[in-house]
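Here's the structure, in structure tokens; my notes come after.
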Amino acid sequence: MLYNIYMTINELLTKLSEIETSINSKLQSCQNTKELQDLQISALGRKGALTELLKNLKDLSLEDKKLFGPKSNALKQSLTTAFEAKLAELSLKEINENLNKTKIDLTLPAFPFNQGKRHPLAIAQKRMTDILSRLGFVWAEGPLIEDELHNFDALNIPKNHPARDMQDTFFIKNTTRKDFVLRTHTSGVQIRTMQKQKPPIRIMAPGRVFRKDAIDATHYPVFNQIEGLYVDKNVSLADLKRDLTVFMRGLFGQKAEVRFRSSFFPFTEPSVEVDVKCVFCEGKDANCPVCRGSGWKEMLGAGVVHPNVLKNCGIDPEVYSGYAFGMGVERLAMFSLNIKDIRAFYENDIRILEQF
Amino acid sequence: MKLLYSWLKDFIDINLTPEELTKHFTSLGMEVADLKKTGADFDGVYAAKIERIENHPNSDHLHLVDLMTKDGPQRVVCGAQNIAVGQIVPLAKVGSRLGKIVLKPAVIRGVSSEGMLCSADELGLASTRQKGILVLDNSVQVGADIKQLYGGEADYIFDLELTPNRPDLMSILGIARELSTLLNLPLKNKTYKAVNGKGKSLEINLSCGADGCQRYMGRIIKDVKNVPSPQWLQDRLLALGVNPKSALVDITNYVMFELGQPLHAFDLSHIEDGKINVRFAEEGEKFLGLDDIERTLTPQMLVICDDRKPLCLAGILGGKHDSILDTTKDIFLEAANFNPVCINKTSKKLGLSSESSQRFERGLDINGPALAMQAATALILEICGGKPSEINDVYPQKIETPEVTFTLKQIEDILGMKILQEKAEQILRSLGTLTIDEKWTFKANSYRRDLKHRWDIAEELARYYGLENLAPQITSTHATLYFAEHPKTIDIGEKFSQTLVGLGFFECKNIALTSKKDVENFGYTTAQVPEIANPLAEGLEYLRPSLLASLLKNLEYNQRFSNNDLCLFEYDKTFSLQKGYPAEGFSLAGVMTGKTPREKFFLSPQCQVGFYGLKGIITKLLGDFTYTLQSAKQAPKYMHPKICMEIIVDKKVIGYFGELHPLTLKKYDLKQQVYAFEFSVKNLEKQFSAAEFKKAKDVPNLPSAWRDLSFIIDEKTQYSDILSALKDTPAKINLIDLYEGKNLPEGKKSLTLRFEFSAQEKTLTDKEVNGHVDNIFKTLQNSFGATLR
């Protein structure tokens, strides 16, 4: 549409308001973005109605320019804004329409991303080492093939002790020295640590141990233990009781009830065993398969380090004292992860492994 | 050890429920493995006589029994098969109590029954060991109260688990002593009359020395009658699970259970020349035991002999020849203290354990023989009669318990708690003698040889105090802080495990014990690995040098349950021998088999990841390390000879990865291809520290430019050769296509590489990029005779 370039200012103003009315009404009736874009070009494009009208500006008097210029610019602004708003509205509508056309069965299987799992024993052990770490125990390692000195003698285990028997301990045959055994407990790590480090000592020693047990639902010739040792000045049975209570509550919750019983081990004196109130039946089920009705589950053995053990490692028992404890990982894992047969840990059945 | 509650009451006046007693035992360190109710536990059960037995009209195993009772005739229904007319039997009527049950009228298959005949079990009289209805002696009057007949009260049998350091607890007396200290109650004065006797006993020679026997007492008792034991004695033995035999045998057992000291009675007529010699056996000496088994002895074994032959395997087993018979008239009674180590070794070696050997091997009270001799003599005289001789007591070297000197403060330091002096004194005085000066001096009674130093004293006080009373409120600690990293092997294992889990691998745990085959299948000889001298079973003789055999077995196990798509790994120690010494190091191994998740997914096109998938895993695992991969010139036997690469760190091959050899698969019964890796972590450790943070590199802010280049090259040219020729190219190189086959000259292949040039300072111009590409192509032309495709 071409306008007479000699239109008067009044005619121009009238035209301007006609354009405003006509475009606004057309804009409202636009049904899709295509129509809207066409309308925008016909109004604001290079040859659009408003653009054409603005070409008159240059021929106006200065006074008229001051009147017509701002008005036409304001209209351009407001129309642009209106187009943008309408465009947003229509695009949203179109996007939604398109999305609603989607046909899909969402109940088809999920994509099976690769995700492996840690072994339940690793999970149980990690929980224990994490708690002990936070209580200030540092990780110590030792060999699995130990000599009798570290596995028995230094631990105050007498030469004729039944544990030293071929029936209970695996001996190594083809070494130069004949006193190598597969360690029967992690306690050898205590000895190795105390021999090379002066107190304070605060270690945990997780790892495998070997006993010549026939395989059944609760026995396996190889199992995992975590050993703890704390040696310093003035370490007492009361320290042990407090620290192990904190450890047990870390494992079983702050409300866990912990019981200490007198016991006997050659390497500690006094010796105790530590029980936890059965977390399954809370001591209320006489037929509970976990605690067998006793209400308590034995968790670990512990005690004040025997003075002979300290002496054997060159630590003066008149100056230093300590406590030590040892706990089975399988026992905890079976108890906490509801695994009923110890053999399940070593079958590595993917149907079990993938559950954790 | 079994304990009969009523027997315990012979020694101490307690009136505790079995539950209370269990609690005490537990806190003292004796676990109650089992608790059984026994003894009469009923009311209103009277003797009745069976007059007539008819078959039940509606049953082929029930009977209708007519009885004469104290209230006249009565009919009941009964299922037991051991009843007969004329028997006197216990009858419980409606309203009678059996344990916790009060009888109600019952209708059994249409016939009403106003009572029941009782078995020993139903009456809690298990120790009579009668099956079926309890048949009473014919002399029992109809209407007699059965409760009166059987002493009237419920009793309990405890089965206690004792710790090996407390042999003194292996008796009724020992448990009573323990409770006496705990409850601060006096022991009852149960004394057996001391009998001096007349005439000489046998001559006793301890030629074994103290390594065999530390004390030996013996006396002769003549003219005894070996009658059956009285009922009370039989009942007590039965309650402990021992079958009564004859009075002489039963009395020695009874005294052992009561006082903890084993005794042995010999038939005097079998002892030749009137001499007892305690000596070690000769090599190859034969001994015929009570159990009719002939055993060959060795010089570590102790025997009780007369002048010529072994009569008895000391402390363990009586001999066939000296055994007590019903007709035995004269006996020689032995009460000795044998060396625990000697008894333990013999018992182990012969695989022979008895109530007696279990007591001796833990170390008994050196004064036990005197007490036991006195008790046994008194009982024999009471039950069997007879004339005792003097006692011959051979006790060459007096054994004393040590004196322990300490201060209460020292004990409190061990326990970390305050101790009431009064309570400590009470406890210690009941265990021995105590003198209190500046320091305390304690000497334990002879039966507590385990109390040797102040830590033992601390333990005793803690036990009797109760560990639950021990410093319950401490919350502070003076623990000195110190810090150490985890061992590198642990941290590096954790890093690898996390990476592998992220890549879809499942962690496995296997035992370190393995078979000869599994050692050899992975390129080792059995001479290179530690061997178990006493393996548990076949197939568990060696310590594994490689983790792969175990993982392949894990695959096979899962394959049985049709789980064929698996990625498994294990991080554990592997073993070897180095100059005759065992050596241990950590290895990481993994296996992949079957389809990847992408291949399994229903929408995915078929694609084989295979070896390159495994290579991707290795690349991810070792991403933070400096290493090279190289096609193995000589693949290990268990690997595919062509599909196997070496992992090289510091010029050392630390492990291999690749496709397993078909024969390896066959050996482990695996039905599909497996890709495997294993490497030792030792050489990687120095490149790793959990404490070290990785430094970030700046990333370019400008977009990169890329170009694809397709070229034809000799098919023998390896990809790694191309990469090394282009190693100075300032671009990331990706292989995006590899083509071998039709439309290519013979012996050629076509590769398409994508080069990605990134700019640090300014956007690269086309001219610069094209310049690079020209250079690349020139290099390829010069090195490999490449032509553009």
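Would you work out what percent of the accessible area of region B:488-687, with all protein chains in place, is carbon or sulfur (probe 1.4 Å)?
51
Ignoring ligands, DNA and RNA, how much accessible area is buried between chains B and A, both sides summed, with a 1.4 Å probe, to the nearest 100 Å²?
Chain pair B/A: roughly 7500 Å² of buried accessible area.
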Can you give the FRET efficiency to the nearest 0.05 for B:ASP273 and B:TRP232, using r as the Cβ-Cβ distance and R₀ = 56 Å?
0.90
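Relative contact order of chain B: what whole-number percent is it, with Cα pairs under 8 angstrom and at least 6 residues apart?
8
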Are there chymotrypsin sites (Phe, Trp or Tyr not before Pro) in region A:1-109 that DSSP puts in a loop and that have at most 16 other Cβ atoms within 10 Å, and which ones?
A:TYR3, A:TYR6
Below 8 Å between Cα atoms, with a sequence gap of 6+, how large is the relative contact order for region A:120-353 in percent?
22
For region B:203-394, what is the accessible area per residue in Å², given a 1.4 Å probe and the full set of protein chains?
38
Under a crude label model (7 Å from the Cα following the beta-carbon direction), how far is A:ALA163 from B:VAL94 in nanometres?
6.4
Buried by partner chains in region A:131-153 (accessible area down by at least 50 Å² vs chain alone, 1.4 Å probe, heavy atoms, protein only) are A:VAL138, A:TRP139, A:GLU141, A:LEU144, A:ILE145
With θ taken as phi - 60° and the coefficients 6.51, -1.76 and 1.60, list the Karplus ³J(HN,Hα) couplings across region A:9-23 in order, rounded to whole Hz; mark glycine and proline as x.
4, 5, 4, 4, 5, 4, 4, 4, 6, 4, 4, 4, 4, 5, 5
What shape does region B:705-788 have by the C-alpha gyration tensor, where a ≥ b ≥ c are the square roots of the eigenvalues, rounded means a/c under 1.5, and otherwise prolate means a/b greater than b/c and oblate the rest?
prolate
Delta accessible area of at least 40 Å² on complex formation, residues of region B:499-522, 1.4 Å probe, chain isolated as reference
B:VAL501, B:PHE506, B:GLU507, B:LYS509, B:ILE511, B:LEU513
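First measure r as the distance between the Cβ atoms of B:LEU788 and B:SER758, then evaluate 1/(1 + (r/R0)^6) with R0 = 22 Å and state the FRET efficiency to the nearest 0.05.
According to the calculation, E is roughly 0.35.
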Accessible area per residue for region B:490-629 in Å², computed with a 1.4 Å probe and the full protein assembly in place, what is it?
41
Could you state, as a whole-number percent, how many of the C-alpha pairs of region A:120-353 are farther apart than 28 Å?
32
With Cα atoms, 0 to 90° folded angle of helix A:187-196 axis to chain A main axis:
90
For n ≥ 4 DSSP H runs only, could you compute -39500 (n - 2.57) per run for chain A, divide by its residues and tell me the 222 nm figure to the nearest 500?
-13000 deg cm²/dmol
Give, in nm to one decimal, the length gained when the segment between A:ASP59 and A:GLU97 is fully stretched (0.36 nm per residue of separation minus the Cα-Cα distance).
8.8 nm
Region B:188-284: trypsin sites (Lys or Arg not before Pro) falling in loop per DSSP and having at most 11 other Cβ within 10 Å
B:LYS193, B:LYS198
Tell me the per residue accessible area of chain A using a 1.4 Å probe; a whole number in Å² is fine.
48
Summing -39500 (n - 2.57) over every DSSP H run of at least 4 residues in chain B and dividing by its residue count gives a helix-only mean residue ellipticity at 222 nm, to the nearest 500 deg cm²/dmol, of -7500 deg cm²/dmol
Assuming 0.36 nm per residue, please report the length gained on full extension of the stretch B:LYS104 to B:ARG707 beyond their Cα-Cα distance.
207.2 nm
What does the structure give for A:231-238 when I average, per residue, the other chain Cβ atoms found within 10 Å of the residue Cβ?
6
For region B:406-430, residues shielded by at least 10 square angstrom of accessible area compared with the chain on its own, probe 1.4 Å:
B:ASP413, B:ILE414, B:LEU415, B:GLY416
Please report, largest first and rounded to whole Å, the three semi-axes of the ellipsoid equivalent to region B:191-307, where each semi-axis is the square root of five times an eigenvalue of the C-alpha gyration tensor.
27, 19, 15
Identify the GluC sites (Glu not before Pro) of region A:255-308 meeting these criteria: DSSP loop state and at most 15 other C-beta atoms within 10 Å of the C-beta.
A:GLU282
Can you tell me the 0 to 90 degree angle between the C-alpha axis of helix A:62-100 and the longest principal axis of chain A, rounded to 10?
50
Run the simple label-point estimate for B:THR298 and A:THR218 please: 7 Å along Cα→C-beta, distance reported in nm.
3.4
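Taking 45 Å as R0, compute the FRET efficiency from the Cβ-Cβ separation of B:ASP565 and B:GLN781 and round it to 0.05.
0.50
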Taking the Cα-to-Cβ direction at B:ASN82 and at B:ASP698 and moving 7 Å from each Cα, how far apart do the two end points lie in nm?
9.9
How much space per residue, in cubic angstrom, does the convex hull of the C-alpha atoms of the protein assembly as shown take up?
335
Can you tell me how much longer the chain between B:LYS286 and B:VAL773 gets when fully stretched, taken as 0.36 nm per residue apart minus their C-alpha distance, in nm with one decimal?
165.7 nm
For A:MET299, enumerate residues with amide H under 5 Å from its amide H, sequence gap 5+ or separate chain, H modeled in the peptide plane.
A:VAL274, A:ASP275, A:VAL276
Long-range amide H contacts for B:LYS275: which residues qualify at under 5 Å (H placed 1.01 Å from N, peptide plane, sequence gap of 5 or more or a different chain)?
B:ASP307
Looking at the protein assembly as shown only, what percent of DSSP beta bridges run antiparallel? Nearest 5 please.
95
May I ask for the Rg/Rh ratio of chain B, computed from Cα atoms with Rh as the Kirkwood radius, given to two decimals?
1.18
Quick one, could you list the DSSP H helices from chain B stretching 20 Å or more along their long axis (Cα atoms) with average Kyte-Doolittle hydropathy of 0.5 or above?
B:368-383
Taking the Cα atoms only, what angle lies between the long axis of helix A:237-252 and the longest principal axis of chain A, rounded to 10 degrees?
40
Rounded percent of accessible protein surface that carbon and sulfur make up, chain A, 1.4 Å probe
54
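The values are calculated or read from the model by the stated rules, or taken from the named source; none is laboratory data. Predicted model only: the values in this text are computed from it and were never measured. Don't worry about glycine lacking a Cβ; one is built from the backbone with ideal geometry, like all the others, and counts go over all protein chains shown. Accessible surface is based on the protein model in full, side chains and every heavy atom, while ligands, DNA and RNA are left aside. Shrake-Rupley method; radii C 1.70, N 1.55, O 1.52, S 1.80 Å.
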